């Protein structure tokens, strides 16, 4: 029977509905979706870990991601050859495999980093030079891994003759595409990947992440868009196969894709999603903010826990 004291009733209800750990017990109502601010704070936690990592750690993680992208390039060329004459989307069925490795394995991929560290820079917790350090180390690792993978594929018998021909055809098509068309295609692909990272922080389990990554990444080749690391790997493969001059090919294909991926991730996802958040940091936000000079010209990681 109720005591008639609403405060006591509420306290009893809270005791019954929650375990000692604070988790809801049987009968507790649990929201199945994070708010925008909660997603943002999860992104910030990931970003805080990234900007605090050493350059060598970022590079090696990026290198692992570059090797994983080699799988994407290998499967895409092989499936393109195997599905010749069939609807084009079939060639893209195994394209997401490398990206699944990256997301589940927590490797560093450049296009993912157009979201996470930039969130800290937008709040002036991390300086712009620190973001550029993360970008440079991760991109260098990604491209090194892709180049090594391209060398192996071009100089061994891993590719079937038909798959090798398909790989050349994919690269040549990219080089022959107009520069600004590649930029726009890259913008859409960068938008997709950075948006995928945002959504990844909104899901609660690995199965959901795998499904999310597969669906989002599948749309990139299925719609003729381009990703910088895949495009770079394909271009270097052309060089090792004797089908292109390296410098000219890099300027004509991966460079505009890089520009587009960066713009798509930073502008269309990071800035817009940042604008939706209100309670970015629950406490001590002002104390952690960098002065304009520190933010623009000095290297400050601004680790979130350092301000506690």
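Readers should treat all values here as calculations from the given coordinates under stated rules, not as data from a laboratory. This is a predicted model, so every value here is computed, not measured. Neighbour counts run over all protein chains shown; Cβ positions are idealised from the backbone, glycine included.
Observations on the structure shown:
- Two-site FRET efficiency, residue 89 against residue 296, from Cβ-Cβ distance with R₀ of 41 Å, rounded to 0.05: 0.35
- Across q = 0.08, 0.13 Å⁻¹, the range 36-307 modelled as identical point scatterers on its alpha-carbon atoms has Debye log10 I(q)/I(0) values of -0.32, -0.82, in the order of the q list.
- Of interest is the spacing of the C-alpha centroids, which for the range 231-259 and the range 165-195 amounts to 11 Å.
- Rel. contact order, % - alpha carbon contacts under 8 angstrom, at least six apart, the range 36-307: 31 percent
- For the range 44-180, the fraction of C-alpha pairs farther apart than 21 angstrom is 50 percent.
- Projected area, mean over directions - the range 99-199, Cα convex hull, nm²: 8.2 nm²
- Taking N as its residue count, the alpha carbon Rg of the range 210-283 over 2.2 N^0.38 Å: 1.51
- Label-point gap, in nm, between residue 57 and residue 206 - each point 7 angstrom along Cα→Cβ: 2.2 nm
- 253, 188 arranged by Cβ crowding within 10 Å, fewest neighbours leading: 188, 253
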